[in-house]
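Asks: I'd like to ask you about the structure that follows.
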Amino acid sequence: MIRSELIQMIAEENPHLYQRDVERIVNTVFEEVTDAMARGDRVELRGFGAFSVKKRDARIGRNPRTGETVHVEEKHVPFFKTGKLLRDRLNGKA
């Protein structure tokens, strides 16, 4: 599912809301999650999962094409851990 499909589905399920308002709400939620993660905060959505940021240390890598060693700088990457309710639904337990 992509963002526009999510907006469309929410708008269809809530005919009392204008699509532009639904779009603003969805975009605000995504922006807040992104801003929180950019600050290094953890974002937890109960029953769904938790978004966090993990730090990867600098290391020596290898260019797979040439075999040449390459210095890879330290970086921060997004990480998602599923919640118990989501895991159970995916495994047919709920």
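Asks: Scan segment 12-29 and give yes if some residue there is surrounded by fewer than 13 Cβ atoms within 10 Å (Cβ to Cβ) and of a type in the set (Ser, Thr, Tyr), otherwise no.
Replies: Yes: one or more hits.
Asks: Output the qualifying pairs, or none if there are none: Cβ atoms under 7 angstrom, residues six or more apart or on different chains, first residue in segment 21-40 and more than 15 Å from Leu6 (Cα to Cα), second residue hydrophobic (A, V, I, L, M, F, W, C) and open to solvent by less than 80 Å² (accessible area, probe 1.4 Å).
Replies: Short answer, once both residue conditions are applied: Val33/Val43; Val33/Phe51; Ala36/Val43; Met37/Val43; Met37/Phe51; Met37/Val53; Gly40/Val53.
Asks: Hey, can you tell me all the residues within segment 30-46 that are surrounded by 11 or more Cβ atoms within 10 Å (Cβ to Cβ), closer than 23 Å to Leu86 by Cβ and either at pLDDT below 95 or not basic (Lys, Arg) (or both)?
Replies: Passing the criteria: Phe30, Glu32, Val33, Thr34, Ala36, Met37, Asp41, Val43, Glu44, Leu45.
Asks: Let me ask another. Within the bounds of segment 47-67, is there any residue that is under 26 Å from Ser4 (Cβ atoms) and open to solvent by 70 Å² or more (accessible area, probe 1.4 Å)?
Replies: Yes, segment 47-67 contains at least one residue that is under 26 Å from Ser4 (Cβ atoms) and open to solvent by 70 Å² or more (accessible area, probe 1.4 Å).
Asks: Taking the condition more than 26 Å from Asp88 (Cβ to Cβ) and free of Cβ contacts under 8 Å to residues at least 60 places away in the same chain, does Ala58 pass?
Replies: It is true that Ala58 is more than 26 Å from Asp88 (Cβ to Cβ) and free of Cβ contacts under 8 Å to residues at least 60 places away in the same chain.
Asks: I need every pair where a residue in segment 68-94 that is farther than 23 Å from Ser52 by Cβ and among the acidic types (Asp, Glu) has its Cβ under 8 Å from the Cβ of a residue that is open to solvent by 100 Å² or more (accessible area, probe 1.4 Å) and not in a loop (DSSP other than H, G, I, E, B), sequence separation at least 6 or different chains.
Replies: Sorted first by the residue in segment 68-94, then by its partner, the pairs are Glu68/Arg62.
Asks: Does segment 68-77 hold any residues that are farther than 30 Å from Gly40 by Cβ and open to solvent by 100 Å² or more (accessible area, probe 1.4 Å), and which are they?
Replies: Result: Glu68, single match.
The values are calculated or read from the model by the stated rules, or taken from the named source; none is laboratory data. Keep in mind it's a predicted model, so treat the numbers as computed, not measured. Methodologically, a virtual Cβ is constructed for each residue, glycine included, from the backbone with ideal geometry; neighbour enumeration extends over all protein chains shown. Ligands, DNA and RNA are stripped out before the accessible areas are found, and what is left, the full protein with its side chains, is counted by its heavy atoms. Shrake-Rupley method; radii C 1.70, N 1.55, O 1.52, S 1.80 Å.
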